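Dropping a structure here in structure tokens format, bear with me for questions.
Since every read-out is calculated from the coordinates, none of them should be taken as a lab result. All values derive from a computational prediction rather than experimental measurement. Cβ placement follows ideal geometry from the backbone for every residue including glycine, while neighbour counts extend to all protein chains displayed.
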Amino acid sequence: MGDGIRWFIRAWRRLDATLASVFGSLKRLLRTLNVLRFLVFFLILIVLAVAVLVVIFPEWTPYVLAGVVLLFTIPLVVLFLLLSLPFRAKSLVKLIRTGYPENMQELVIRVAARKLHEESIETERLLVETAWLESRKVLRRYRKRVDRLKRQLDEMPDD
């Protein structure tokens, strides 16, 4: 019994360290994505400001620079949208920002809810299957009863 508890404690510590490490690296990745997203947004603003300045001062060949601005802005907007995609998973971002020890309860609740949902689906399937089998039994019994009543009617003498 003592070895089992020691094994469990070692396994739990290992899991704890692994989860802390994973969430630490995810937090760093999230910070990096935030910084990159801000930089791309800032570059978009600079490009648009250059376009405005070129239009305000026409002696700076506005058409060439406006074309350059458009050609430069489109990839930046696409990059900005791509960098923003991970942030659309708001619940996952919230879990990462919260960190490992603080969000363990929420993770356990989610795992339990998923398990209960799967068990609920399995239970519903079993209930439907049971209802189907019971209805077939009842139908068989009624068919036997109908056959018996039919035979009794056939055996009755005609008046």
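Expected output is a single nm value to one decimal: the length gained when fully extending between Ile74 and Asp154, i.e. 0.36 nm times separation in residues minus the C-alpha distance. What is it?
20.0 nm
Also: So, in nm, how far is label Leu19 from label Arg145 when the simple model puts each one 7 Å beyond its Cα toward the Cβ?
A separation of 5.7 nm, rounded to one decimal place.
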